[in-house]
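The values are calculated or read from the model by the stated rules, or taken from the named source; none is laboratory data. On a predicted model such as this, the values are computed, not experimentally measured, just so you know. Neighbour counts are summed over all protein chains in view; Cβ atoms, including those assigned to glycine, are modelled from backbone coordinates with ideal geometry. Just so you know, the surface numbers come from the protein's heavy atoms only, side chains and all, with ligands and any DNA or RNA stripped out. Shrake-Rupley method; radii C 1.70, N 1.55, O 1.52, S 1.80 Å.
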Amino acid sequence: MIPARLVWLYLRARLAGLAATCLLGVAAATWFLLGLSDDRLLTKLILIVLPLAPAAVIGASLRSPFGETEVTASRPLPPLRLGHLAGLLAVAALALAAANTAAPGEDFHWLLVRNGAGYAGLALVGGRLVGAAASWVVPVAYGMFVVVAPVAGALNRDSPWLWPLHPPAERPAAIGALALLLAGVAVATVFGPRAVPDEAP
Amino acid sequence: MGLVAIPTHAALGFALGRYFPSRFTAPLVTVALFFGQLFVGAQNAWYAFLSPMVSLNTSVWYGVRPDLTLQQVFFLLGLIGLLLASLPLRDQRNRAAGGASCLAAALVTVAGVAIIWHDAPPRGGQDLSRDERFRNRQVIPYQPVCRDAPMPVCVHPAYQPYLDETTAVINRLVAPVVGLPGVPTRAEQGYPAITGNTDATTLWFDIQPQAQYWEQLLTTSVLYPLTTQVVFMPADGNSRSGSVRNPCPSSNPGSCADAQQVIMRWLLRQTGLADDRYQVGPRFTDPAYDRITPTVERFAALDPAQQQKWLRAHFADLRAGKVRLEDLP
């Protein structure tokens, strides 16, 4: 059994409360913009780009100011990491699902949640590759690629590499997003973020 | 403008990072800026020009329209100044100097916004109306590049890479009729409103290259307009729509003489590109298409010498719409 104080300190070190507040704020902004948009293209743009923000927040919240000290603790970290991520992902999923209701139409159902899940997986993998502080660069760079590639003629919109553009009913896109999320959670739980020296609070 | 937008975004991120130091500031500002410039740039309003991602109307003939680059750069530089000048405001000792710098930069930014508001078309760049598009606009002077062939072909120098292929395809198309009375003697990219050339000896076409659709575009923007000009009548001298206007006497292609359509489809087949149903366009899916198909096949099966003989004797009448379907061999 993990002591409640340890859980509390672990979450506090990762600014979990602020991260959850950011997630709710981003979801509220997304809901507001979706309600404001009466243009189909703009709605799609919101559903593709704005889930990057919760993913970036989750990635950035991986960072701990204690680094090696924490790794040497007698308690195993994976259960704490898993609980922390599960909590943030649950908050993000519920908030994005609620925000998605502002985009009416079969073509938009669950797109925020699906895309957010895939991007979050990328952010978690990014945390292992480049460190938590810069983990958000991976999903944001990918999101920019998704927006720009079809316009530049580099890839067709139907390409599996551009799964965030695919309609919600398309199963391969949903499976891809889920696979990315599971891979990210597994990597972040087992290995944690890469330790890099930085001074950000 | 994109080059100036990068330091502007960096300045904004830096300033916000100073005011709200947190691990979440950088990612949230990045996503917000990325989305914000897409969102603003997609609006059909003057303020779309505050974003570097605004849609612009571009062409080799008229350049970038509306060209507000200087105004946009002015606005962005003002914004950089404003953001950086705001940083000393946090420090009590520098507050006076920071305030003065901030005020100066704010004036530049507001002036930039005001100039953009004044100069930008009200509905943004992509949505320029026909009048706005052509008002007070001079064609950028250019010297066409040409390729010699039985039917010489000229294009804008920007399209020189497409000249050889275009010349080959056009000459395959017109080979059976080149030299016949009334048939134009050269083909040029553009349209009379651009070149100022309204003589009937020139065929007009446009090229809209997009790599993956090159063959389709060649068909729709080059071959179809050319074939209609060859078979029906010369291009309309007043056309300035970017691609040559369909000179068919009526908007309903079925109203054009069936015999003309037969020869048109037969000519299109000479290019060997796509099947002629696609080449003459989806609008030609009317009953006339199936009605004339046997005649197209019959004419195509003739000996080339017989085809030439018939064309020499009847092409002028065919262009004038005086040949009936049953008159074709």
Worksheet item: Looking at this structure, is A:ARG194 open to solvent by 50 Å² or more (accessible area, probe 1.4 Å), of a type outside the set (A, V, I, L, M) and within 18 Å of the chain's Cα centre (by Cα)?
Response: yes
Discussion item. Restricting to the range A:153-185, and then to whatever is open to solvent by 50 Å² or more (accessible area, probe 1.4 Å) and within 15 Å of A:LEU111 (Cα to Cα), can you tell me which residue is nearest to the other protein chains (Cβ to nearest Cβ)?
Written reply: A:PRO167
Practice prompt. List the number of the failed condition for A:PRO150; all other conditions in (1) touching a Leu at 6+ places or on another chain (Cβ under 9 Å); (2) within 25 Å of A:ALA103 (Cβ to Cβ); (3) away from chain B (no Cβ under 12 Å) hold.
Written response: (3)
Worksheet item: Can we say A:ALA99 is crowded, with 18+ Cβ neighbours inside 10 Å, touching a residue at least 60 places away in the same chain (Cβ under 8 Å) and aliphatic (A, V, I, L, M)?
Response: yes
Worksheet item: Between a first residue in the range B:49-77 that is touching a residue at least 24 places away in the same chain (Cβ under 8 Å) and open to solvent by 40 Å² or more (accessible area, probe 1.4 Å) and a second residue that is small (Gly, Ala, Ser) and assigned to a loop (DSSP other than H, G, I, E, B), which pairs have beta carbons less than 8 Å apart while being 6 or more apart in sequence or on different chains?
Response: B:SER55/B:ALA42; B:SER55/B:GLY124; B:SER55/B:GLY125; B:LEU56/B:GLY125
Worksheet item: With respect to B:PHE74, is the statement that it is out of contact with any Lys or Arg (no Cβ under 7 Å at 6 or more places or on another chain) and within 14 Å of chain A (Cβ to nearest Cβ) true?
Response: no
Worksheet entry | Every residue from the range A:47-77 that is assigned to a helix (DSSP H, G or I) and open to solvent by 50 Å² or more (accessible area, probe 1.4 Å) | A:GLU68, A:THR69, A:VAL71
Worksheet entry | Where a residue in the range B:249-276 is at positive phi and its partner, wherever it lies, is at pLDDT 55 or above, with Cβ under 9 Å and at least six apart | B:GLY272/B:VAL169; B:GLY272/B:ARG172
Fill in: So B:ALA15, is it surrounded by fewer than 17 Cβ atoms within 10 Å (Cβ to Cβ), over 24 Å from A:THR30 (Cβ atoms), away from chain A (no Cβ under 12 Å) and not β-branched (Val, Ile, Thr)
no
Fill in: Of all residues in the range A:14-46 being surrounded by 21 or more Cβ atoms within 10 Å (Cβ to Cβ) and over 19 Å from the mean Cα position of the chain (by Cα), the one that is nearest to B:PHE24 (Cα to Cα)
A:LEU34
Discussion item. Give me the helices (runs of 4 or more DSSP H) completely within the range A:102-201, filtered to those with at least 2 residues that are closer than 26 Å to A:HIS84 by Cα, modelled with pLDDT of 90 or more and in contact with a Gly (Cβ under 6 Å, 6 or more places away or on another chain), ordered by residue number.
Written reply: A:111-130, A:171-190
Discussion item. Looking only at residues that are small (Gly, Ala, Ser) and more than 11 Å from chain B (Cβ to nearest Cβ) in the range A:127-147, which one is farthest from the chain's Cα centre (by Cα)?
Written reply: A:GLY131
Worksheet entry | Hits in the range B:18-32 - residues which are more than 19 Å from A:ALA120 (Cα to Cα) and open to solvent by less than 40 Å² (accessible area, probe 1.4 Å) | B:SER22
Worksheet item: Among all residue pairs at least 6 apart or on different chains, which show Cβ distances below 9 Å where the first residue, located in the range B:22-45, is within 10 Å of another protein chain (Cβ to nearest Cβ) and the second is among the basic types (Lys, Arg)?
Response: B:ARG23/A:ARG63; B:ASN44/B:ARG123
